[in-house]
Amino acid sequence: MLFFYLTKIYNTLDMKSSTSKEICTILAIESSCDETACAIVRDGREVLANVVASQADLHAQFGGVVPEVAARSHIEVMIPVIEDALKTAKMTWDDIDAIAVTRGPGLIGSLLIGVLTAEVLAIEKQKPLIGVNHILAHAFASFLTDSEQPGFPLLALVVSGGDSRLLLFQEDLTFETLGATRDDAAGEAFDKVAKLLGLPYPGGPNISKVALDGDDQKYTFPKAKLGKDSLEYSFSGLKTAVLRQVQEIAGDQPGLTDLRKTYQLPPQAVSDIAASFERTVVETLVEKLVRASQAHSPKSIAIGGGVSANKRLREAVLKALPQARIIPFEYCTDNAAMIGALSYQMAQRGHIAESPILEADSSLDAL
Ligand code: KG4
């Protein structure tokens, strides 16, 4: 219904003058999960504003993201976040050449708030609209730099809460998924193990914190064996191995619903398990990244997504592949600057919608 209404409004407008203008400054919106974000990015690399309203505290009490709570919160803060970005960049709508928005993948209720907001703004302000894939955008956070822009082919390890994958992009932005996770994503494994150990959501940073006091060699957890040349990941076996170790220390009997439980262990045991788990995840991620680099000889290598904020992973990647681009912490977790970066590359190559009506797609796989 709303879709037809928006199409009707759009058809009454003359968008030609605005779409033919060169696109330099993009206002980008991100709302795929539990962050409401707006950024203003110039030439795909210079971040003039990067506003992120995180809902982490809101979801911490539930031990994970609650989709309904997330969507309601996006509605409340979306407009203030956009106004804040314009104010930070000292800009008005006249300075904006195009609007970009995450259209998937993600939680559909959350995506819809961003997409509908962007559509209405594109129509009202008469700006071209660019729909962006959130996972691919994590790889393009590496373009947000003063130094030389990454070259193509670009190999990217994207490790977020719901996804772990190795991507290879060509100059024209066509891409190939070289390998993805068969089950849990790395971020998801961090969050589930954190819950088991009684650590708050989001699990990644909290595991890293307690791991600092732990012995990372104390436990040997398994790495999935998926074949000599495989670039796929699997973290489900590791998660179960951690669970069994936790149960052994707690003197508990294994059962089916155990992964939803939280165990009370001595602080040193929590730290040792966290450190050994973190080491295993990092080693697995880096091994496959190195293998992909050897197989495809990319011009540049980048890591992105929430787990790429992990200090241990960043150090291990740089040690194994010194040429890799390690992005600033603020662009690892969900943000709109990366949406601005990818949308600029898309606009440069003519990947721009004819109409400002987009479809939010919770399992989007394309550019
Ligand atoms: O990319 P992201 O912000 O959100 C999406 O999933 O799109 O990633 C969130 C994930 C969570 O699972 C969180 O535990 C993990 O990133 N994470 C970390 C760290 N910071 C965030 N994992 C490991 N170490 C961290 N420092």
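The values are calculated or read from the model by the stated rules, or taken from the named source; none is laboratory data. Treat the numbers as computed from the prediction; the structure is a model and nothing was measured. No Cβ is skipped: glycine too gets one built from the backbone with ideal geometry, and neighbour counts run over all protein chains shown. Just so you know, the surface numbers come from the protein's heavy atoms only, side chains and all, with ligands and any DNA or RNA stripped out. Shrake-Rupley method; radii C 1.70, N 1.55, O 1.52, S 1.80 Å.
Only one entry of Leu243, Leu196, Leu226 meets the criterion of being in contact (Cβ under 8 Å) with a residue 40 or more places away in the chain, within 25 Å of Ala324 (Cβ to Cβ) and not acidic (Asp, Glu), and that entry is Leu226. A single member of Ile113, Ile135 is assigned to a helix (DSSP H, G or I), surrounded by 20 or more Cβ atoms within 10 Å (Cβ to Cβ), out of contact with any helix residue (DSSP H, G or I) (no Cβ under 9 Å at 6 or more places or on another chain) and among the aliphatic types (A, V, I, L, M), and it is Ile135. Set side by side, the residues Glu176, Glu188 differ, and just one is modelled with pLDDT of 95 or more and open to solvent by 10 Å² or more (accessible area, probe 1.4 Å), which is Glu176. For segment 216-251, the set of residues classified as surrounded by 14 or more Cβ atoms within 10 Å (Cβ to Cβ), in a loop (DSSP other than H, G, I, E, B) and more than 12 Å from the ligand (Cβ to nearest atom) consists of Asp216, Lys218, Tyr219, Phe221, Lys223, Ala224, Leu226, Ser230, Leu231, Glu232, Ser234, listed by residue number.
Yes/no per residue for (1) within 16 Å of the ligand (Cβ to nearest atom); (2) touching a Pro at 6+ places or on another chain (Cβ under 8 Å):
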position: Ser276; (1), (2): yes, no
position: Glu287; (1), (2): no, no
position: Ser293; (1), (2): no, no
position: Thr333; (1), (2): yes, no
position: Asp361; (1), (2): yes, yes
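Of the residues making up segment 184-201, those that are part of a loop (DSSP other than H, G, I, E, B) and within 8 Å of the ligand (Cβ to nearest atom) number 2. Does Ala269 satisfy the condition of being assigned to a helix (DSSP H, G or I), within 16 Å of the ligand (Cβ to nearest atom), surrounded by 14 or more Cβ atoms within 10 Å (Cβ to Cβ) and not polar (S, T, N, Q)? Judged against the criteria, Ala269 is not a match.
Scanning segment 63-79 for residues that are touching a residue at least 24 places away in the same chain (Cβ under 8 Å), open to solvent by 20 Å² or more (accessible area, probe 1.4 Å) and not small (Gly, Ala, Ser) yields a count of 6.
With respect to (1) within 8 Å of the ligand (Cβ to nearest atom); (2) open to solvent by less than 20 Å² (accessible area, probe 1.4 Å), the lone exception for Asp163 is condition (2).
Screening Arg291, Arg349, Arg314, Arg325 for residues that are closer than 28 Å to Gly214 by Cα and among the basic types (Lys, Arg) leaves exactly one candidate, Arg314.
Listed by first and then second residue, the pairs with beta-carbon distance under 9 Å, at least 6 apart or on different chains, first residue in segment 31-60 and acidic (Asp, Glu), second assigned to a strand (DSSP E or B) and at pLDDT 95 or above, are Glu35/Val52; Glu35/Ala53; Asp43/Thr25. Quick one: would you say Gly204 is in contact with a Ser or Thr (Cβ under 6 Å, 6 or more places away or on another chain), closer than 24 Å to Gly64 by Cβ, open to solvent by less than 30 Å² (accessible area, probe 1.4 Å) and assigned to a helix (DSSP H, G or I)? When the stated conditions are applied, Gly204 does not pass them. In a residue-by-residue description of segment 314-328, the property of being near the ligand (Cβ under 10 Å from one of its atoms), open to solvent by 30 Å² or more (accessible area, probe 1.4 Å), over 16 Å from Ser142 (Cβ atoms) and part of a helix (DSSP H, G or I) applies to no position.
Remark: pairs (first residue in segment 125-154, at positive phi and in contact (Cβ under 8 Å) with a residue 12 or more places away in the chain; second residue in a helix (DSSP H, G or I) and away from the ligand (no atom under 16 Å from the Cβ); Cβ separation under 6 Å; 6+ apart in sequence or on different chains) = Gln126/Ser18.
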